[in-house]
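This report concerns only the one structure given below.
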Amino acid sequence: VSLLDGLGSVRDIVLGLFPHRAATGLVPIGSPGPDAPVLLTGNYTLTVRRMKKALAGFDAWLLVANSKGINVWCAAGGGHLTHHDVISVIRTSGIETRVEHRDIVLPQLAATGVEPKIVTERTGWQSRWGPARLEDLPAFLERGQRVRKTDRFMHFPLRERLGVAAMWGVPMLAVAASLLAWLGGWRVSVSSVPCVLTLVAGPFVALPWLGLGPQARRRFVSLALFATAGIGVGVGTLALLSALTPASSAEMTAVGLILAALLSVDIAGTTPWYPSTINTGRNPATIELVEDRCTGSAECVLVCPRDVLAMSGRRRKVEIRRPRQCIQCGACIVQCPEDALRFRYRSGEVVEAPTIRRTRMNMVGRRTIVVPE
Ligand code: SF4
């Protein structure tokens, strides 16, 4: 990684702290002609900029749909990027006068919100899913718009996990350090730095290694682990500073209060730490296949970002091969033409596809639903 790449990442992380909406509409990349591919994304500034970077060297049309300034995955999951937004940008951007074909590449992570069948019915445009990660777009285009199996799965590499942690940690650090400086002086303020950073970064960094069984226990164990580490590092720093000049009990109390407040950040369930808000309390939901309805179209397999589903060659039906990897994004349920997938709560209630399509009940929206008796 070059110094410039590193600086670019720092810049992206800082800009990520202030998300705002990019202009919607048509963006030419290179010198696109009437046969150039058309790709769609949402109008989160960072996404649009990264799309342009990923597509540098290609001639293509980029359609920026109104995702309300939110990244594609969260927008689709929260009901902020749907087929209505795709249809709207196709009709209003002028793309239909610029190209001779009617093919559009949709981001796979929009599958929770966008139903391609409705786009085709209303516009005549045929869609295909692009790769899950925009870094794979160049290879996707070079292969003639074919997605490799591995391009469908989402990973959360260390660099990105640290980036997200920094987006959470920097503002909290600023607030905590200022408050502590006011309450307890500079020693407490300095001590809060390792506490905050450890508490925020720890869970993100450790995500892949924390497959410790049921989600509630996993959350509790990992939070307790990092809380202990954060408190240990912070108190150790404070002790070191206090060895130079004695710390007051008020300072120690202030540290405790701030740490408790910080712990509540993730408990609030606002980070990717939580698979989905449908997994509420002690009544988590799991993905379920109604075998009689499955006709083996495999539309669900093509949009699952976690490699949960696969085709069973012998039976010509889909199988739920890795249920524990499911993050309840709902993409497979929305895309199944036969409504053969659904969520089942531990208590036995089920949430069928029409409800999922209507409510888009996960990530950003923080929605829960009442399951009919
Ligand atoms: S199986 Fe789970 S992770 Fe995969 S698409 Fe369906 S809900 Fe999302």
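The values are calculated or read from the model by the stated rules, or taken from the named source; none is laboratory data. Please read all numbers here as calculations on a predicted model, not as lab measurements. Every residue, glycine as well, gets a Cβ built from its backbone with ideal geometry; the counts of neighbours run over all protein chains shown.
Take the residues of segment 317-333 that are more than 6 Å from the ligand (Cβ to nearest atom) and in contact with a Lys or Arg (Cβ under 8 Å, 6 or more places away or on another chain): which is farthest from residue 75 (Cα to Cα)? Among them, the one singled out is 322. The number of residues in segment 287-316 being within 17 Å of residue 351 (Cα to Cα) and either of a type in the set (A, V, I, L, M) or within 9 Å of the ligand (Cβ to nearest atom) (or both) comes to 4. Within the bounds of segment 47-67, is there any residue that is within 16 Å of the chain's Cα centre (by Cα), in a loop (DSSP other than H, G, I, E, B) and more than 19 Å from residue 28 (Cβ to Cβ)? There is at least one residue in segment 47-67 that is within 16 Å of the chain's Cα centre (by Cα), in a loop (DSSP other than H, G, I, E, B) and more than 19 Å from residue 28 (Cβ to Cβ). Among residues of segment 145-165 that are surrounded by 15 or more Cβ atoms within 10 Å (Cβ to Cβ), those with a beta-carbon under 6 Å from a residue that is among the acidic types (Asp, Glu) and at pLDDT 75 or above at least six positions away or on a different chain give the pairs 151/136; 153/307.
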